[in-house]
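K.L.:
Next up is a structure, given as structure tokens.
The values are calculated or read from the model by the stated rules, or taken from the named source; none is laboratory data. The structure displayed is predicted, hence computed values, not measured ones. Virtual Cβ from ideal backbone geometry, glycine too; neighbours counted across all protein chains shown.
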Amino acid sequence: MLYHLGAVPYWNSLPLIHYLPLDEKPRLEVPAALARLLKIGEIDIATAPIVTLFENPHYTLIPGVCIGSRGAVKSVKLFFTSPEVTVHNVKTIYLDMESKTSALLLKVLLKFKYGRDLNDIQFFHPLPPRHVEGKLLIGDKAMLELPTNPALDLGEEWTSWTGLPFVFAAWMSRHPEVSDKAIQELQQARDQGVKNIASVIPHKTSLPFEVIKSYLENLNYFLGTEETKAIALFKDYIFKAELLKS
């Protein structure tokens, strides 16, 4: 392939990377770090947060492959610390900034779906105050969290509101062109991983095998027309709310 790859160190990347050739295994980093490594040129292609593409429109999106959901995603959730706190009245939220995409999705949902004034909410990172009312967790730790109150699944919230899937991350490159061979290898690895979900799961995991298998089978790894629409809509909401500078 002749490209340096990067991928997230979460269970959700396993179907995309397990069947890559042995000499092309990616460097594993959290989403925010992947975006930075792409920018400085230490990696060429990564499963970066989709917001990375909005911030770097010259990046190339690898066709057909993503990490997303059609409804509940199970690994991006807003947890509440009290039964009295809901999405309608939460005032303090800790943001897991490993992924800017998830943090911005939460703000889009709060503002446009629930009509919240974001200035009325205090957002904290990297460390939450002792009595924070809500905390946004992503990745494996969101699945390991044991909620004491009903949590908000951001994938489910987006789809119930827009009727569209959501794309959290996708293979993208800092180069204007990516070889057909590399694209084919990434797509073929995805196809093999999705077809053989059970084989990509490690023998020792912090959750039962069947829980992880069900989680991965629920995710969407195919970037099609509906996913492209969702990316464009999410981008529109972000810039409408001035959450990113154009």
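K.L.:
Just one of (1) touching a helix residue (DSSP H, G or I) at 6+ places or on another chain (Cβ under 6 Å); (2) more than 28 Å from ALA33 (Cβ to Cβ) trips up VAL108, so point out which.
P.N.:
Going through the list (1) touching a helix residue (DSSP H, G or I) at 6+ places or on another chain (Cβ under 6 Å); (2) more than 28 Å from ALA33 (Cβ to Cβ), VAL108 breaks only (2).
K.L.:
How about region 1-84: which helices (runs of 4 or more DSSP H) wholly inside it have at least 3 residues that are basic (Lys, Arg) and more than 27 Å from ILE201 (Cβ to Cβ)?
P.N.:
On the way: elements: 14-17, 31-40, 51-55.
Output list is empty.
K.L.:
Related question: Among the numbered conditions (1) part of a helix (DSSP H, G or I); (2) buried (at least 17 other Cβ atoms within 10 Å of the Cβ); (3) within 14 Å of the chain's Cα centre (by Cα), tell me where LYS141 comes up short.
P.N.:
Going through (1) part of a helix (DSSP H, G or I); (2) buried (at least 17 other Cβ atoms within 10 Å of the Cβ); (3) within 14 Å of the chain's Cα centre (by Cα) one by one, LYS141 breaks only (2).
K.L.:
Find the residue count for region 205-242, including only residues that are more than 19 Å from the chain's Cα centre (by Cα) and under 14 Å from LEU14 (Cα atoms).
P.N.:
Total satisfying the criteria: 2.
K.L.:
Follow-up. For TRP171, only one of the following conditions fails: (1) under 17 Å from the mean Cα position of the chain (by Cα); (2) in a loop (DSSP other than H, G, I, E, B). What is its number?
P.N.:
So TRP171 meets the others, but not (2).
K.L.:
Still on this structure: Output the qualifying pairs, or none if there are none: Cβ atoms under 6 angstrom, residues six or more apart or on different chains, first residue in region 8-35 and over 20 Å from MET143 (Cα atoms), second residue at pLDDT 90 or above and of a type outside the set (A, V, I, L, M, F, W, C).
P.N.:
ILE17/PRO26; HIS18/GLY193; TYR19/GLN192; TYR19/GLY193; PRO26/GLY6; ARG27/GLY6; LEU34/GLY6; ALA35/THR52
K.L.:
Give the residues of region 147-194 that are under 16 Å from SER102 (Cα atoms), out of contact with any Cys (no Cβ under 7 Å at 6 or more places or on another chain) and of a type in the set (Val, Ile, Thr), sorted by residue number.
P.N.:
Answer for region 147-194, where residues must be under 16 Å from SER102 (Cα atoms), out of contact with any Cys (no Cβ under 7 Å at 6 or more places or on another chain) and of a type in the set (Val, Ile, Thr): just THR159.
K.L.:
Right, something else. Among the residues of region 223-232, is any assigned to a helix (DSSP H, G or I) and not assigned by TED's automatic domain parsing to the domain that holds ILE62? Explain how you work it out, then say what you get.
P.N.:
Within region 223-232, the first condition is being assigned to a helix (DSSP H, G or I), and the residues that meet it are 225-232.
Keeping just the survivors that are not assigned by TED's automatic domain parsing to the domain that holds ILE62 gives none.
Scanning region 223-232, I find no residue that is assigned to a helix (DSSP H, G or I) and not assigned by TED's automatic domain parsing to the domain that holds ILE62, so the answer is no.
K.L.:
Do you know which of the residues in region 56-93 that are surrounded by 16 or more Cβ atoms within 10 Å (Cβ to Cβ) and of a type in the set (D, E, K, R) is nearest to TRP171 (Cα to Cα)?
P.N.:
ARG70
Yes or no, residue by residue, for (1) assigned by TED's automatic domain parsing to the domain that holds ALA230; (2) out of contact with any strand residue (DSSP E or B) (no Cβ under 9 Å at 6 or more places or on another chain); (3) of a type in the set (Val, Ile, Thr); (4) more than 19 Å from PHE222 (Cβ to Cβ):
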| residue | (1), (2), (3), (4) |
| --- | --- |
| ASN12 | yes, no, no, no |
| TYR19 | yes, yes, no, no |
| LEU28 | yes, no, no, yes |
| ALA32 | yes, no, no, yes |
| ASP44 | yes, no, no, yes |
| ILE62 | yes, no, yes, no |
| VAL85 | no, no, yes, yes |
| GLU98 | no, no, no, yes |
| LEU106 | no, no, no, yes |
